[in-house]
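Below is one structure; the comments refer to it alone.
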Amino acid sequence: MESSGCDEIQEIVIVGGGLCGLATALALHRKGIKSVVLEKSETLRSAGAAIGVLPNGWKALDQLGVASHLRTTALPLQGMRITWMDKGNEKFTPYKNIGEVRCLKRSDIVETFADALPPNTIRFGCDIVSVEMDPITFLPSLLLSNGKRIGAKVLIGCDGWRSIVASFLGLKPAKTFRNCAIRGLTSYPNGHSFPLEFARLIIGQTAVGRLPITDKLVHWFVAVQQGTDAKFPQDTQFIKQRAMEAVSGHPADVQEMIEKCDLDSLSFAHLKYRAPWDLVFGNFREKTVTVAGDAMHVMGPFLGQGGSSGIEDAVVLGRNLAKTINGSCFDHEEALDRYIKERKMRVVKLATQSYLTALLIENRPMLTKIVVVAVMAIFFRNQNAHTQYDCGLL
């Protein structure tokens, strides 16, 4: 079925070649389903330097068949140590009761996904201008900046918090936390001496996070509070200077870590989130169009679940779309409804816990924090329960 307005029609089109988009293409490929990924940039994207992957994320990666390889790229972390340096307090939480936790370079993840896909699955340099329903075929149609139109029998938006596909679905724009984060990587050619722990060092309103990836590579972030309307130049020297200023009161090894960072790995941005109430009432499907990953449920990094939850989305999408082939789903619309039903409460819970955690971290009135603590005690008594989630078999 050809549309008079489309230059081509594909079975499944995924917008966005980031972590979730490539994971979705890989999930479909494992089920024998062909897809096309349209990526705006000219190369694979790895902005954000690295992500922590918790036990639920490893379950999803196991289903995609790439967990064994990715385990060779990063060492397991033994726990999390929070140090309030201006108060002299410290808290250590071992990960042995949680499960497998590693910090992975984003580039390692996306390259592993891409290498496992058939040739020509990813099309680079595809800048999507708009999405609309074709009036003849009633299929979603994408207009590219070069004037080309591509039709899709199924369209999946994995194009991040500024998602064009999410806008087409009528989802409300992502909101902005008061926190912003500088992220980067630092290499130690002769090895580092940091323990295999997620270390958080807090002085006042500034927090530094440090996660060893290997014995020679460390991921770090600096979280500071800034006005939600602040603009951040993306010049890497400026970002490094801003990070150095933020950690001026921290130990020498922290300052050295930032001084010797890999400039190309640096990023500086506000933390975004989709409000839990917007997820509860949001519309995540229009005919055969849906969203996944940050396009659906961008959340702050406070639980370390942004990346893993997107990989879970990919597994659930792949499983349900495959049912249209084996006959257990009537059509693509039913398959997408099943996907949304499975994912909605999971991401609402993650978004709510992440949002409440952010309120505790941000500079909020004491009364607000007392209420948040009470709500957390009622609904999130086991604060690590989210790490034990299993998205199921692909």
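The values are calculated or read from the model by the stated rules, or taken from the named source; none is laboratory data. Computed from a prediction, not measured in an experiment: that's the story for all the values here. Every residue, glycine among them, receives a Cβ derived from its backbone with ideal geometry; neighbour counts consider all protein chains shown. For the accessible areas, the whole protein counts, side chains as well, though only heavy atoms, and no ligand, DNA or RNA atoms are used. Shrake-Rupley method; radii C 1.70, N 1.55, O 1.52, S 1.80 Å.
Remarks
- Hits in the stretch 113-134 - residues which are in a loop (DSSP other than H, G, I, E, B), polar (S, T, N, Q) and surrounded by fewer than 17 Cβ atoms within 10 Å (Cβ to Cβ): ASN120
- Going through (1) open to solvent by 30 Å² or more (accessible area, probe 1.4 Å); (2) in a loop (DSSP other than H, G, I, E, B) one by one, GLY160 falls short only on (1).
- For the stretch 196-235, the set of residues classified as touching a strand residue (DSSP E or B) at 6+ places or on another chain (Cβ under 8 Å), modelled with pLDDT of 90 or more, outside any strand (DSSP E or B) and more than 17 Å from GLY304 (Cβ to Cβ) consists of LYS216 only.
- Selection within the stretch 135-149 - open to solvent by 50 Å² or more (accessible area, probe 1.4 Å) and in contact with a Gly (Cβ under 7 Å, 6 or more places away or on another chain): ARG149
- Looking across the stretch 301-312 at every residue that is within 17 Å of PRO276 (Cα to Cα) and assigned to a helix (DSSP H, G or I), the one that is most open to solvent (accessible area, probe 1.4 Å) is identified as GLY306.
- Test: residue in the stretch 288-300 that is at pLDDT 95 or above, open to solvent by 10 Å² or more (accessible area, probe 1.4 Å), over 30 Å from SER187 (Cα atoms) and outside any helix (DSSP H, G or I): yes
- In the condition set (1) open to solvent by less than 20 Å² (accessible area, probe 1.4 Å); (2) out of contact with any Gly (no Cβ under 7 Å at 6 or more places or on another chain); (3) at pLDDT below 95, LEU271 is compliant with all but (2).
- Taking each residue of the stretch 213-241 that is open to solvent by 80 Å² or more (accessible area, probe 1.4 Å) and looking for partners that are modelled with pLDDT of 90 or more and of a type in the set (Gly, Ala, Ser) with beta-carbon atoms closer than 6 Å, six or more apart or interchain, yields ASP215/GLY191; LYS216/GLY191.
- Failed item, numbered, when ALA252 is tested on (1) of a type in the set (A, V, I, L, M); (2) in contact (Cβ under 8 Å) with a residue 60 or more places away in the chain; (3) out of contact with any His (no Cβ under 6 Å at 6 or more places or on another chain): (2)
- Positions within the stretch 321-375 being open to solvent by less than 50 Å² (accessible area, probe 1.4 Å) and touching a Ser or Thr at 6+ places or on another chain (Cβ under 8 Å), in sequence order: HIS332, ALA335, LEU336, TYR339, ILE340, ARG346, VAL347, LEU350, LEU359
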